Amino acid sequence: MSDAPAIRAQGLGKSYGAGVMALEDIDLEVAPGERLGFLGPNGAGKTTFIRCALGILNPTAGSIAIRGHDITRDRMAALAEVGYVPGDLGMIRAVTGRRMLDALSALHPRPPVLQDRLLAALELGPDALGKRIRDYSTGMRQKLGLVAALQHDPPVIILDEPTSGLDPVMQARLLEVLDERAREGRTVFFSSHVLGEVDELCDRVAMVRGGKLLLVRDVGELRRTRVRTVEVLFDREVDPSAYRVDGMGEVRVEGHVHHFTLSGDPGPLLARIGPLAPRDITIEAARLEDVFRALYLGDGD
Amino acid sequence: MGVVFSLTMRRAIRRVLLLGVALGAFLFLVGLSYSSVDENQIRSLVESLPPALQAFVKGSDIASPAGYLGSTFIHPITLSILAATAIAAGAAPARDVEHGVAELVLSRPVTRTAWLGAEVIAMVVQVTIVAIMGFIGALIAITTVDALAPVSVGNLAITTLPLLILFIGIGAITMLAGSFSRTAARAIGWGTAFALVAYALDYLAQVWGLAEPLGPLSVMHWYRPATILGSGSAPASTWIVLSLVAVVATALAVAVTSRREVAP
């Protein structure tokens, strides 16, 4: 089973009543050790997909398996491989953080080998753990949920918008922790609508909209195909045709400053423009956010 | 299973102890008040009441020690305290679904049957704690009030037991309603409605001839505490019907929960 995909969905569908399709014919395979960002706006079906993967919701079509264990037929074995942080984290507010953590630890067959390290990394000390959860801030609850999910060093880590409620320092710390887990061969399935963190952490992204999978692509490949904004400053008047290359958009000239867009590799442009001795060139880094916007805004509904 | 039980009990224990103290104090105080009762005056007073009011004590002789103390077991305060305990405990699984606790627990390798089983046991334990504290209050009354001396401890215990099963059944009905629902409020609503309809049906069957045949449809019909307290035994039908309600409702709740979705 260890060679099986970490997550494999085949024709996965979920409908509510007549005509309300939350997920439609999703085929997705996540390899062991992969970091996959699962992107989509609110209501796209990200949480529904995750809940179907964990047997919290019952798929109405297709199947989904974790490390080869089908979630409907072999739920216990599948869940023993997973550490999960729900987006809407529910905790029993009347108990202390320590008791909640120990209780959740006892429900998992794997020992909590990473508990101490995670508590230190996320700065949850004995004082915080001694408080009742009703006295926790949203961020503290989120940190407790993260420790509870990751403490067993699960082979498959499924996180549904895990940085919500965390301050920027803790967000960065969490991404470091996840990066470390991934480098040790754990699979990270990371649902988010914050593109920056997916860009930073993930190898591949899957994008969903309206319950359908739009694309699954390598992050680097997406960046390479992205249109960049270029700004060139000359110290004299220059005709844009002198440096025109394939993939360039229309050039807007303001004084000695030229603005245009460029798709694809910027190498040929630099080769053509270099002999013209520009004073400054700014090529805005291709961002995943631009891809995301293009897909959601450009493709139409 | 033990973990879920422990978490559920920790959340409920303060409420349960408060309700238990309230029930114990109530049964003790009512028992204590019997020392100031003149049997004959009470008997003539009850006989002078219209049938609609006599029905509140299910026709028992409340002037007698067993009838007086037995009537407190079906007093609205006793029933309300036990119903509050059973319904709150029975709604716990629905509350856990609503607040995402079920999602957190069941995303770990825990079966739904084990999860609900732990909640059922917690519900039974909570109702039992409150019933036992009520029993203790009544026990203190019969051991300290001379006029209640004819009531034996054994009879008191055998009267408390079907009361306990009756409210475990109401808790199980609430749990069954909760297994169809994503909110605790709906489960509490159905549990409360079941208890109120059962009480009303039993009452109507006693005061209105036309409704009399409907009486056995109410679980309350099968519990006659004054009779049990006086005789020291409950009819087999009491044990069978009350146990069946609890067992069937629990089994149905488990069956529905094993297939239900537990997302908030």
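The values are calculated or read from the model by the stated rules, or taken from the named source; none is laboratory data. It should be emphasised that the depicted structure is a prediction, and the values quoted were computed from it without experimental measurement. Methodologically, a virtual Cβ is constructed for each residue, glycine included, from the backbone with ideal geometry; neighbour enumeration extends over all protein chains shown.
Among the residues in the range A:151-159, are any in contact (Cβ under 8 Å) with a residue 12 or more places away in the chain, more than 10 Å from A:Gly83 (Cβ to Cβ), touching a helix residue (DSSP H, G or I) at 6+ places or on another chain (Cβ under 9 Å) and in the same structural domain as A:Ile92 (by TED's automatic domain parsing)?
No, because not a single residue in the range A:151-159 is in contact (Cβ under 8 Å) with a residue 12 or more places away in the chain, more than 10 Å from A:Gly83 (Cβ to Cβ), touching a helix residue (DSSP H, G or I) at 6+ places or on another chain (Cβ under 9 Å) and in the same structural domain as A:Ile92 (by TED's automatic domain parsing).
Within the range B:133-152, is even one residue within 23 Å of A:Arg93 (Cβ to Cβ), surrounded by fewer than 24 Cβ atoms within 10 Å (Cβ to Cβ) and in contact with a helix residue (DSSP H, G or I) (Cβ under 7 Å, 6 or more places away or on another chain)?
No: zero hits.
With respect to A:Leu262, is the statement that it is touching a Gly at 6+ places or on another chain (Cβ under 6 Å) and either basic (Lys, Arg) or over 24 Å from A:Pro86 (Cβ atoms) (or both) true?
yes
Just to be sure, is A:Arg244 surrounded by fewer than 15 Cβ atoms within 10 Å (Cβ to Cβ), outside the structural domain of A:Tyr16 (by TED's automatic domain parsing), modelled with pLDDT of 85 or more and not hydrophobic (A, V, I, L, M, F, W, C)?
It is true that A:Arg244 is surrounded by fewer than 15 Cβ atoms within 10 Å (Cβ to Cβ), outside the structural domain of A:Tyr16 (by TED's automatic domain parsing), modelled with pLDDT of 85 or more and not hydrophobic (A, V, I, L, M, F, W, C).
Based on what the data block shows, is A:Glu221 among the charged types (D, E, K, R), surrounded by 14 or more Cβ atoms within 10 Å (Cβ to Cβ) and either at pLDDT 90 or above or not in a strand (DSSP E or B) (or both)?
The answer is no for A:Glu221.
Please report, ordered by residue number, the helices (runs of 4 or more DSSP H) entirely within the range A:56-171 with at least 2 residues that are more than 14 Å from every other protein chain (Cβ to nearest Cβ) and touching a Lys or Arg at 6+ places or on another chain (Cβ under 7 Å).
A:126-130
Kindly provide the set of residues from the range A:40-55 that are surrounded by fewer than 24 Cβ atoms within 10 Å (Cβ to Cβ), free of Cβ contacts under 8 Å to residues at least 60 places away in the same chain and more than 8 Å from chain B (Cβ to nearest Cβ), ordered by number.
Selection gives A:Gly43 alone.
Only one residue in B:Ala83, B:Ala89, B:Ala12 is closer than 30 Å to B:Arg112 by Cα, surrounded by 16 or more Cβ atoms within 10 Å (Cβ to Cβ) and touching a Phe, Trp or Tyr at 6+ places or on another chain (Cβ under 9 Å), so which one is that?
B:Ala83
Mind checking which residues of the range B:201-215 are part of a helix (DSSP H, G or I) and free of Cβ contacts under 8 Å to residues at least 12 places away in the same chain?
Scanning the range B:201-215 gives B:Leu204, B:Gly209, B:Leu210, B:Ala211, B:Glu212, B:Pro213.
Looking only at the range B:238-264, count how many residues are assigned to a helix (DSSP H, G or I) and within 14 Å of chain A (Cβ to nearest Cβ).
2
Tell me the residue from A:Gly83, A:Gly90 that is surrounded by 15 or more Cβ atoms within 10 Å (Cβ to Cβ) and without any contact (Cβ under 8 Å) to a residue 12 or more places away in the chain, please.
The conditions single out A:Gly90.
Taking A:Ser192, is it of a type in the set (Ser, Thr, Tyr) and more than 30 Å from A:Ala149 (Cα to Cα)?
No; evaluated as a whole, the condition is false for this residue.
Restricting the search to the range A:260-278, which residues are in a loop (DSSP other than H, G, I, E, B) and loosely packed, with under 15 Cβ neighbours inside 10 Å?
A:Asp265, A:Ala277
From the list A:Val188, A:Val177, which residue is of a type in the set (Val, Ile, Thr), in contact with a helix residue (DSSP H, G or I) (Cβ under 9 Å, 6 or more places away or on another chain), assigned by TED's automatic domain parsing to the domain that holds A:Ala31 and surrounded by fewer than 22 Cβ atoms within 10 Å (Cβ to Cβ)?
A:Val177
From the list A:Arg99, A:Arg75, pick out the single residue that is surrounded by fewer than 21 Cβ atoms within 10 Å (Cβ to Cβ) and within 30 Å of B:Arg14 (Cα to Cα).
Only one candidate passes the filter, namely A:Arg99.
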